[in-house]
Amino acid sequence: MSFLDPVWTSLLYLAAAVCFILALRGLSSPRTARRGNLVGALGALIAVVTVFLSARLENIPWILAAIAVGSAVAAPVARRVKMTQMPQLVALFNGVGGGAAALVALLELGNAEEPWVRVAIVFTLLVGAVSFAGSGVTFAKLQELMTTRPVVFRGLPVVMAVVLLAAVAAAAAVVLTASLPLAVVLLVLGLAAGMLLVLPVGGADVPIVISLLNAFTGLAVAASGLVLGNVLLVVAGTLVGASGTILTRAMAAAMGRSVAGILFGAFRGGSTAGSTAVSERPVRSSSPEDVAVLLGYAQRVIIVPGYGLAVAQGQHTAAELAQALEARGIEVDFAIHPVAGRMPGHMNVLLAEANVPYESLKEMGEINPEFKTTDVALVVGANDVVNPAAKTSSGSPIYGMPILEVAEARQVVFLKRSMRPGFAGIENDLLYEPQTSLLFGDAKDSLAQVLGAVKAL
């Protein structure tokens, strides 16, 4: 039984689509990101309710039970996940979306009589499976359930080519025969392709691949909308696919790399593979009191946040330190690299959570010219995004990546837990320069000690 006529159904779908568009608009800025999320959630709620009121659904108790189980699992996980684990959660969301689209396409194959519908089905099956498997691998890498370094083996390009050719052949056969067993074979080949696509990716490239897989999921959802004849799925999937593609290109540009180089760079040694070896060269260590003196008598200080700050949950202490320095008449800003942390906007959200004014968050292009007139650059848990090797070492895996020009500051202070390289596994020669000093320890504890010493000056 349907409670809505087609006109009201179309209007409600239109309202949901507008909500999705406004949500993307809101997510483009930290100021409006929270509102954008709420608007997107409202659009999803409108869409789900509209389906229940307009479609002749069967097995409603099972559907409601599935929604209840999913909500019972997802809500606590989303509320408890740490900010540092948000990229892993995004990867899981991507994978679940692609997997769901693939399963829907598989179930709809028996109802597909027209060839173009079967084309949409095989596209959804293949792309959804790639997104599901690839997102699983990115989750495992970010969660450190497996090595974050590229996983390659002899003959990998040949294996990938064979899998892709077999997938194309299976897809053509499914379109011609509508065979369910062949569709299952295509699904398995898609899963294999997703794993083989992401395994060679390592280091700082993983978050970019998450964005690419997000675009894949969007395309799979849009294609499933064609299969089901649901315009809203087509619109929502297209929005996700387009935004994911734009974000992938922007992140790749911020890393100074091409998408092809990110995906296949390990085959020629160009991926951010790096080395986990720790150098034995001497460095200049500092105490919290030494750092406090540098900061307290400076005129200009730039704080460079990184993943280490997020792990230590030191954003509130960093904000307090900035306020204490500003109270002494010192100009303080935060330098934000586009890919600092593990996802775009990671540092913006982290610092906004600590009520750091948006005016103090300076993007790379805006802040880089100011390092030359900066007395102290305080690097908190960042490494790869300030590594001069990206500019000076043509053999470095991150060569060509735009960086924050921290090396141009008069004094550089690194707050690090240890001398281990950053996520890309690349040693940072700036640590050994004469103007650089290091304060070892947990970022939050170190910031708290420096803050106490500044207040005691």
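Does the range 78-100 contain any residue that is surrounded by 13 or more Cβ atoms within 10 Å (Cβ to Cβ), outside any helix (DSSP H, G or I) and β-branched (V, I, T)? Within the range 78-100, one or more residues are surrounded by 13 or more Cβ atoms within 10 Å (Cβ to Cβ), outside any helix (DSSP H, G or I) and β-branched (V, I, T). Of the candidates V206, V234, the single residue that is closer than 29 Å to A47 by Cα, touching a residue at least 12 places away in the same chain (Cβ under 8 Å) and part of a helix (DSSP H, G or I) is V234.
Residues checked against (1) crowded, with 24+ Cβ neighbours inside 10 Å; (2) more than 12 Å from the chain's Cα centre (by Cα); (3) part of a helix (DSSP H, G or I):
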residue	(1), (2), (3)
I210	yes, no, yes
A220	yes, yes, yes
A223	yes, yes, yes
G241	no, yes, yes
L247	no, no, yes
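For K391, the test of being surrounded by fewer than 24 Cβ atoms within 10 Å (Cβ to Cβ), within 21 Å of G296 (Cα to Cα) and assigned by TED's automatic domain parsing to the domain that holds L309 is failed. Before we move on, is A318 more than 19 Å from A252 (Cβ to Cβ), in a helix (DSSP H, G or I) and modelled with pLDDT under 85? No. Only one of the numbered conditions (1) more than 24 Å from M86 (Cα to Cα); (2) surrounded by fewer than 22 Cβ atoms within 10 Å (Cβ to Cβ) is not met by L125, and that is (2). For the range 13-39, a residue qualifies if it is exposed (fewer than 14 other Cβ atoms within 10 Å of the Cβ), touching a residue at least 40 places away in the same chain (Cβ under 8 Å) and in a helix (DSSP H, G or I), but none of them does.
Right, G381: at pLDDT 80 or above, touching a Gly at 6+ places or on another chain (Cβ under 6 Å) and either of a type in the set (A, V, I, L, M, F, W, C) or assigned by TED's automatic domain parsing to the domain that holds V332 (or both) or not? Judged against the criteria, G381 is a match. Each residue in the range 363-378 was checked for being buried (at least 17 other Cβ atoms within 10 Å of the Cβ) and modelled with pLDDT of 90 or more, and 9 pass. When we screen I336, I330 for residues that are within 22 Å of R249 (Cα to Cα) and either out of contact with any Ser or Thr (no Cβ under 7 Å at 6 or more places or on another chain) or surrounded by 22 or more Cβ atoms within 10 Å (Cβ to Cβ) (or both), the only hit is I336. Considering only residues that are farther than 11 Å from S224 by Cβ and in a helix (DSSP H, G or I), which ones fall in the range 107-116? Of everything in the range 107-116, those that are farther than 11 Å from S224 by Cβ and in a helix (DSSP H, G or I) turn out to be L109, G110, N111, P115, W116.
Residue-by-condition table, conditions (1) of a type in the set (D, E, K, R); (2) within 25 Å of G241 (Cβ to Cβ); (3) out of contact with any helix residue (DSSP H, G or I) (no Cβ under 8 Å at 6 or more places or on another chain); (4) not assigned by TED's automatic domain parsing to the domain that holds V311:
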{"position": "G134", "(1), (2), (3), (4)": "no, yes, no, yes"}
{"position": "V137", "(1), (2), (3), (4)": "no, yes, no, yes"}
{"position": "M146", "(1), (2), (3), (4)": "no, no, no, yes"}
{"position": "V151", "(1), (2), (3), (4)": "no, no, yes, yes"}
{"position": "V159", "(1), (2), (3), (4)": "no, no, no, yes"}
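Can you report the number of residues in the range 367-418 which are within 15 Å of V332 (Cβ to Cβ) and in a loop (DSSP other than H, G, I, E, B)? Total satisfying the criteria: 3. Of the residues in the range 68-76, not one is touching an Asp or Glu at 6+ places or on another chain (Cβ under 9 Å) and at pLDDT below 90. In the same structural domain as I367 (by TED's automatic domain parsing) and surrounded by 24 or more Cβ atoms within 10 Å (Cβ to Cβ): does that describe G345? So G345 fails the test.
Kindly indicate whether V152 is at pLDDT below 95, out of contact with any Gly (no Cβ under 6 Å at 6 or more places or on another chain) and not in a helix (DSSP H, G or I). Spelling it out, V152 is indeed at pLDDT below 95, out of contact with any Gly (no Cβ under 6 Å at 6 or more places or on another chain) and not in a helix (DSSP H, G or I). Scanning the range 337-366 for residues that are among the polar types (S, T, N, Q) and not in a helix (DSSP H, G or I) yields a count of 1.
The values are calculated or read from the model by the stated rules, or taken from the named source; none is laboratory data. Given the structure is predicted, the values throughout are model-derived calculations rather than measurements. Cβ atoms come from the backbone with ideal geometry, glycine included; neighbour counts cover every protein chain shown.
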